[in-house]
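Note sheet for the following structure.
The values are calculated or read from the model by the stated rules, or taken from the named source; none is laboratory data. Computed from a prediction, not measured in an experiment: that's the story for all the values here. Note: ideal-geometry Cβ built from the backbone for every residue, glycine included; neighbour counts use all protein chains shown.
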């Protein structure tokens, strides 16, 4: 990241760009809101996710200890192919929740080796407020072949995490809410608190405090991270 712009500008697309490319044959737009919300209205041509929006096992909500990270390859393959995402597909993900769920899909695709994916800056709310094309129609994509190739470097295992507590070259960045950081909100877990020596910067600090929740510019993000104690030359583990 530099002061003049993002280090990886291709990870975000703007609403203007997406409208201009709505009918590109290799583009798949994915609405990451809960499916009942998707069915009310969505970006023209977008598909909705019928399984848990965190792209975990369908059984995750009732057995989250067994499926703590991400859907295994066979489940991910079925989900992505059902969405029409194949090896050459360019994916744009969006939601109406500050890109929280869209970023999760972005991460899952990257984890399984599909790096041709971006997040729509401002998401559904910006698209809607600008009066861009929307519909109630649900497309039925066919013929996609998705071959998951997991990249373990994109996930921090419990063993790696505990082994590097206290390592000065590793920064643990806690992006949860303030209440979770202090332990006031345990979200129903048996234990509350944080990783020792972690730094805290709630994820909402990375987006603007307005209805669209667009991402802050590169200079703002750099200053935020530096003030929080996240220098650019350290390995960062987020949670």
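Below is a table of values for the structure above.
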item	result
Qualifying residue in segment 155-162 (condition: exposed (fewer than 11 other Cβ atoms within 10 Å of the Cβ) and within 20 Å of the chain's Cα centre (by Cα))	yes
Qualifying positions in segment 168-194 - touching a residue at least 40 places away in the same chain (Cβ under 8 Å) and surrounded by 15 or more Cβ atoms within 10 Å (Cβ to Cβ)	170, 171, 172, 173, 174, 175, 176
Selection count, segment 25-45, where residues are in contact (Cβ under 8 Å) with a residue 60 or more places away in the chain, in contact with a strand residue (DSSP E or B) (Cβ under 7 Å, 6 or more places away or on another chain) and either within 19 Å of residue 100 (Cβ to Cβ) or part of a loop (DSSP other than H, G, I, E, B) (or both)	10
2 or more residues farther than 18 Å from residue 19 by Cα: qualifying strands (runs of 3 or more DSSP E) within segment 68-181	170-174
Set 165, 108: member being in contact (Cβ under 8 Å) with a residue 40 or more places away in the chain and either within 28 Å of residue 222 (Cβ to Cβ) or assigned by TED's automatic domain parsing to the domain that holds residue 47 (or both)	108
Residues being surrounded by 15 or more Cβ atoms within 10 Å (Cβ to Cβ), in contact (Cβ under 8 Å) with a residue 40 or more places away in the chain and within 23 Å of residue 14 (Cα to Cα) - total across segment 209-239	7
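Every residue, every condition in (1) in contact with a strand residue (DSSP E or B) (Cβ under 6 Å, 6 or more places away or on another chain); (2) in contact (Cβ under 8 Å) with a residue 24 or more places away in the chain; (3) closer than 25 Å to residue 212 by Cβ, yes or no:
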| residue | (1), (2), (3) |
| --- | --- |
| 126 | no, yes, yes |
| 131 | no, no, yes |
| 135 | no, yes, yes |
| 145 | no, yes, no |
| 148 | no, yes, no |
| 161 | no, yes, no |
